[in-house]
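Structure first, commentary second.
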Amino acid sequence: MSQADPNRYLRLMPLAAGVVGGVLLLLNRLTSLELTTSQARSDVVGTILGACLILTGLIWQQVQPLPPESVILNGTERFELLEPLPDALKLELAWASHTLLTNTPTQALVIWYRGQVLLRRGILPDTTMTTPGPIVQQALAKERPIYLVKLPLYPGRVEFDYLPDNTQGLICQPLGREGVLIVGANAPRSYTRQDERWIEAIAAKLAAACQTSLATLD
C-alpha cells in the first residue's frame, strides 16, 4: 500500500497562487477602461511575482522527493524470548527491542547470539532463524553493519525468510563476532544516519549485556 504524500498540497500552493494571481491580473487589465501609469507598474510587478510563484511551484514538484512507499508487512505480531535466559538479560532485550520499534522505522527484529535466537519481536512469520546466511556472515566477519536499503532488489534476500516476505529494508548490525541484531522496515531507504547510529549504540549495549549474562551460564 502506497503512503500518501503529506506535503503534496503544500508543494502545490505556490503554483496555485501564481496561476490565480495571473488570472486576476488579466481580468483586471481586461476590465479596466483606462490604463494608468501606476496600474501598468502594478501589472508588471504582479506578473513577475506570479511567474516567480509558478516557477517555485514547478521546482518544488521536481526537487522535493516523495517519501518512500511503505507496505503492510506480512506476518503476525510477536514477542518471543528464549526461556533459559537470565531475567536481567531478558529485561535488557525487552527494553532494547521496544526502543527500536518505537523510535526507529523498525517493525520487525531478530537477535541471534551464539547459535541461537534470543529474541523475535514485531511483525514476523512463523519461520525462525536457524543459521546465519552469507550476508549476515559477512557482517559478523567484518564486524560492520550492512544496510540493504531496498531489500527486494537484492537476490540474497532469500536468506531472510525469518522476516516478513515483503520487508522493504533491513540492517544487519553485529553484536561483536558472536551475534547479530537484524532489524527490518516496511519502507525502502527508511533508516536515516541518526537511526543507524542509534541502532549501533543499542547493539553495543546488547553485546556487552549478552557477553556478561551468558558467561555465567557457560
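It is to be established whether one or more residues within the stretch 174-186 are assigned by TED's automatic domain parsing to the domain that holds residue 95, touching a residue at least 12 places away in the same chain (Cβ under 8 Å) and out of contact with any helix residue (DSSP H, G or I) (no Cβ under 8 Å at 6 or more places or on another chain). The answer is yes; a qualifying residue exists.
Taking the stretch 102-114 as the range and being surrounded by fewer than 18 Cβ atoms within 10 Å (Cβ to Cβ) and more than 18 Å from residue 212 (Cβ to Cβ) as the test, the residues that pass are 102, 103. Based on this model, can you work out whether residue 123 counts as assigned by TED's automatic domain parsing to the domain that holds residue 191 and under 22 Å from residue 193 (Cβ atoms)? So residue 123 does not fit the description; no.
One residue alone among 92, 77, 69, 83 is at pLDDT 95 or above, outside any helix (DSSP H, G or I) and among the acidic types (Asp, Glu), and that residue is 77.
Scanning the stretch 190-202 for residues that are in contact (Cβ under 8 Å) with a residue 40 or more places away in the chain and part of a helix (DSSP H, G or I), we see that the one that is farthest from the chain's Cα centre (by Cα) is 202. Apart from one condition, residue 178 fits all of (1) on the phi > 0 side of the Ramachandran plot; (2) at pLDDT below 95; the exception is (1).
The values are calculated or read from the model by the stated rules, or taken from the named source; none is laboratory data. The structure presented is a predicted model; accordingly, all values stated were derived computationally and were not measured. Counting neighbours? That spans all protein chains shown, and the Cβs are built from the backbone with ideal geometry, glycine included.
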